[in-house]
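The values are calculated or read from the model by the stated rules, or taken from the named source; none is laboratory data. What you see is a predicted model, and the numbers here were worked out from it, not measured in a lab. A quick note on method: Cβ atoms are made from the backbone with ideal geometry, for glycine too, and the neighbour counts reach across all protein chains shown. Heavy atoms of the whole protein, side chains included, go into the accessibility calculation; ligands, DNA and RNA do not. Shrake-Rupley method; radii C 1.70, N 1.55, O 1.52, S 1.80 Å.
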Amino acid sequence: MSQNKRLIGALLWACAVVAALIWVVIWASENRPKIDLMDLLPQNQVVSAEEKVLQSRFSSLHQNSVTLAVEIDDSFKEVAALKAVIGNWDKAHDAFTQTERPSSVEALIPLLKEVAQRGLTQKDRSFLENARPEELLQTALQKATSPVGSVFFTFAEDPLGLAENRLANLFNQWRISTDGELLTVKDGGKTYALFFFTVDNRVVMAESASVEAAVSQLKAELTKLLPEKSIVLSGLPLFSAAAASAAQTELTVIGLLSTLGIIAITWFWFGNLRALVLILTVSAQALLMAVAVTVTVLGEVHLITLVFGTTLIGITVDYSSHFLCARLSKDEAPEKTIKRLLPSLTLALVSTAVGFALMACTPFPGLKQMALFCVSGIIAAYVAVLLWLPLLNRTAFTFRQPLMRLVSFLNTLPSIGSVSSPARWCLSFAALLFLATGLPQLELRASLSDLNNPPEALLEDTQKISHLLNAPSLSQYFLIKAKTLDELLEKEEALKKELSMAKIPGVTFSSTADWVASDSNAKEVMELKTHACLTVNASLQTVLGASLDCTVKENLRYEDLARELSPLGILPPLYEDESGVSALILVRGLSSANIDAVKSLAQPQNGVYWRNYPEQISELLAQYCEKIAWLLAAAMACTVIILTAFFKKEAWRAYLPCFLGIAFTLALFGWMGIGLSLFSLLACVLLLGLGLDYGIFLTANPQGNLHTVAAITFAVLTTLLSFGLLAFSSTPALRSFGLCVMAGELIIWCLTPALRRQSED
């Protein structure tokens, strides 16, 4: 490339970088990175389209809500003080807004009475089906003469107490009641006052640390008011704040440590501010271009991608370092240097891009995003090195004595070809023994915990709130599919009957059939109640002097109930499309002891499916572990072919250190009892791309050995400072990834010179 063409290309690339900067600033002014780790998963392969819609409708009222439960005494008299503390705190923090909820259900009583008068509990239905006339009369007389009347129904409306029992059954779905000026719930002999807040998610994302500080302040103030009392605070926004805060902290810490470490190493290597500026400029524009390409192609960027993307610094530094190290104390034109390095730089780019391309082959949206981010970043670094550095670095750097002594020492370390034959046999046997004993101990661990690790205290508070509110699970449920609404209701009624017969302690269902009966069931209920009423009517007329109205009201329609109950999140939603109707049956009281019994009630052949969200995610992760393993094997095979075509009989020196390094890393994980996860496998894929660079450069430049060793050592150290620092991440996925890269890089670094040509000693 001529000087003029290179200058034009450099200017055009500079314009592209400036345009990318403007675009990223505009995007960031209106958007924020995503923070939900579940966005990393292919949702359509975990839950079906209708499940996703139904889940979102169930959770829409709660996704921005936070619930506070404060333990109080039954004779608590400091209501005003408690409400003042919470009110003042709420006013001081704009992110939180206190809300009132119709949790005491008084406003719903007229509608609930209508529902109760049209249904029967399973116990009352069995009673009506088997009761003798005298038993029915005795029940009615007891009801009529009882000194304690029904709160909601007159004797004429409910002579046998059937509607009252049904209403009590509906009320059991709520444990909340109004106690004076507070909403309260009782549990285990203790009383808790409840308060509800909505949270602005934009504040959670932008100021997660301040949200956590506000929560801590509220707990401290309430503890001061009510010492030794339990204070529980939970909600999805708090999990989001914890995740965002952790990711932002890691983004800052890992990025800062990586940058400072690279600055220190660069100064030791070159002792020149110009070299440092050149390296940081190439890396900075690579990160900028990576963000710009990602938001342009995908329209979004995840915070975890940015944390992962800080490791891009270690990769992009490699390209700059090879160019700068090749010019240490060499008085040659920079164009000649770049031309000499171009084949190995290009081969290194291709090998690294292949590793990230394999990540993009997975159906994980988050991994595709990370792959796009990193591939675009390393391409940007490659282009900048080719176009900018020959123009910006016209003079060579001094091969400083400390660096010379270091690389000379590394270069004099024995290779496998320089040791005696018995030593080679012993080393080979020890390596095989290590692999043979370590690899079989490796265990596959694919679970939801690989993706998320929320604070233990927050999980405990969430479990406590769910128990207090008797909230059903949204991660384990039944999915019902039918062609019509009436068929769906029949299937739900059959499932509830199966639960009643199974007698699983503490387990109840929340379904559409709690509120609306199928046509056949409504007809049966009408016949049973009419027959019972007529049976006792003549005798009651003689005793009471008045007859009963035995007309049973018609069944309620789902549409009528939906208008009143759906906005409150009480009536389970439906999903309708051209194939039919679907609904979820949520389960209360699930535990590890009864989940198998509940699961056994599913009847897939009848359109009643059991769904276990965490279990499905784990199965999906396990499937992709297998796919990644095959992709890794395929990539290794492709690498052998490409490098053999390039290096001929010396190709094994380029790829064998990397292959052995990956095998030794997995064996080490087996010895240490560290499970093999999807993300450690992906780290092996990345090791294939990174580790091959060292073998490629050392094999491609046998004559410039000291310069090549200096560049390789610089690349390894900077990679350890970027990817390796992920080993200290609080996110299990990134921690597993970083630990694997750290161990693999060190092993490959040791093996690459050990397998170099003997003549290079």
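Just checking, which of 348, 371, 357 is over 25 Å from residue 622 (Cα atoms) and either among the small types (Gly, Ala, Ser) or in a helix (DSSP H, G or I) (or both)?
Exactly one of 348, 371, 357 is over 25 Å from residue 622 (Cα atoms) and either among the small types (Gly, Ala, Ser) or in a helix (DSSP H, G or I) (or both), namely 348.
Test each condition in (1) on the phi > 0 side of the Ramachandran plot; (2) open to solvent by less than 20 Å² (accessible area, probe 1.4 Å) for residue 682 and report the one that comes out false.
Here residue 682 clears every test but (1).
Could you identify the single residue in 249, 281, 266 that is of a type outside the set (Phe, Trp, Tyr) and under 32 Å from the mean Cα position of the chain (by Cα)?
When all the criteria are applied, what remains is 249.
Any idea which of 595, 570, 585 is open to solvent by 20 Å² or more (accessible area, probe 1.4 Å) and in contact with a Phe, Trp or Tyr (Cβ under 9 Å, 6 or more places away or on another chain)?
570
Just to check your reading of the model, which residue among 150, 177, 146 is more than 30 Å from residue 28 (Cα to Cα), touching a strand residue (DSSP E or B) at 6+ places or on another chain (Cβ under 8 Å), hydroxyl-bearing (Ser, Thr, Tyr) and at pLDDT below 85?
That would be 177, the only listed residue that is more than 30 Å from residue 28 (Cα to Cα), touching a strand residue (DSSP E or B) at 6+ places or on another chain (Cβ under 8 Å), hydroxyl-bearing (Ser, Thr, Tyr) and at pLDDT below 85.
Exactly one of these conditions fails for residue 227: (1) assigned to a helix (DSSP H, G or I); (2) surrounded by fewer than 21 Cβ atoms within 10 Å (Cβ to Cβ). Give me its number.
(1)
Give me the residue from region 103-118 that is in a loop (DSSP other than H, G, I, E, B) and under 25 Å from residue 555 (Cβ atoms) and, out of that set, modelled with the highest pLDDT.
Filtering first and then ranking leaves 118.
Being exposed (fewer than 15 other Cβ atoms within 10 Å of the Cβ) and at pLDDT below 75 is the filter here, so list the residues in region 180-201 that pass it.
180, 181
What pairs can you find where one residue is in region 671-697 and in contact (Cβ under 8 Å) with a residue 12 or more places away in the chain, the other is charged (D, E, K, R) and assigned to a loop (DSSP other than H, G, I, E, B), and their Cβ atoms are less than 7 Å apart, with a gap of 6+ or different chains?
Close Cβ pairs (under 7 Å, with a partner that is charged (D, E, K, R) and assigned to a loop (DSSP other than H, G, I, E, B)) amount to 675/443; 675/445; 676/443; 676/445; 677/445.
When region 473-485 is examined, which residues are found to be modelled with pLDDT of 90 or more, surrounded by fewer than 17 Cβ atoms within 10 Å (Cβ to Cβ) and not β-branched (Val, Ile, Thr)?
483
Quick check on this structure: which one of 626, 554, 619, 578 is under 19 Å from residue 480 (Cα atoms) and surrounded by fewer than 16 Cβ atoms within 10 Å (Cβ to Cβ)?
578
Tell me whether region 735-750 contains one or more residues that are modelled with pLDDT of 85 or more, in a helix (DSSP H, G or I), within 25 Å of residue 340 (Cα to Cα) and open to solvent by 30 Å² or more (accessible area, probe 1.4 Å).
Yes, region 735-750 has at least one match.
Output yes when any residue across region 520-530 is touching a residue at least 60 places away in the same chain (Cβ under 8 Å) and not in a helix (DSSP H, G or I), and no when none is.
No, the conditions are met nowhere in region 520-530.
So, in region 396-443, how many residues would count as being within 30 Å of residue 285 (Cα to Cα) and either open to solvent by 80 Å² or more (accessible area, probe 1.4 Å) or touching a Gly at 6+ places or on another chain (Cβ under 9 Å) (or both)?
Counting residues in region 396-443 that are within 30 Å of residue 285 (Cα to Cα) and either open to solvent by 80 Å² or more (accessible area, probe 1.4 Å) or touching a Gly at 6+ places or on another chain (Cβ under 9 Å) (or both) gives 4.
Assuming residue 337 fulfils every condition listed in (1) more than 18 Å from residue 700 (Cα to Cα); (2) touching a residue at least 24 places away in the same chain (Cβ under 8 Å); (3) in contact with a Lys or Arg (Cβ under 6 Å, 6 or more places away or on another chain) apart from one, which condition is it?
It is condition (1) that residue 337 fails.
Checking the structure you have, find out if any residue of region 247-255 is farther than 30 Å from residue 313 by Cβ and open to solvent by less than 20 Å² (accessible area, probe 1.4 Å).
Looking for residues that are farther than 30 Å from residue 313 by Cβ and open to solvent by less than 20 Å² (accessible area, probe 1.4 Å), one finds none in region 247-255, hence no.
If you check 446, 457, 517, which single one turns out to be surrounded by fewer than 20 Cβ atoms within 10 Å (Cβ to Cβ) and of a type in the set (A, V, I, L, M)?
Answer to the check: 457.
Would you be able to tell me the number of residues in region 342-361 that are open to solvent by less than 20 Å² (accessible area, probe 1.4 Å) and either free of Cβ contacts under 8 Å to residues at least 24 places away in the same chain or charged (D, E, K, R) (or both)?
Going through region 342-361 one residue at a time, the tally reaches 0.
Considering only region 524-533, I want to know if a residue exists there that is of a type in the set (D, E, K, R), closer than 30 Å to residue 162 by Cα and buried (at least 18 other Cβ atoms within 10 Å of the Cβ).
Yes, that holds for at least one residue.
Would you pick out the residues in region 230-246 that are among the small types (Gly, Ala, Ser) and either over 17 Å from residue 468 (Cα atoms) or open to solvent by 20 Å² or more (accessible area, probe 1.4 Å) (or both)?
Across region 230-246, the qualifying residues are 230, 240, 241, 242, 243, 244, 245, 246.
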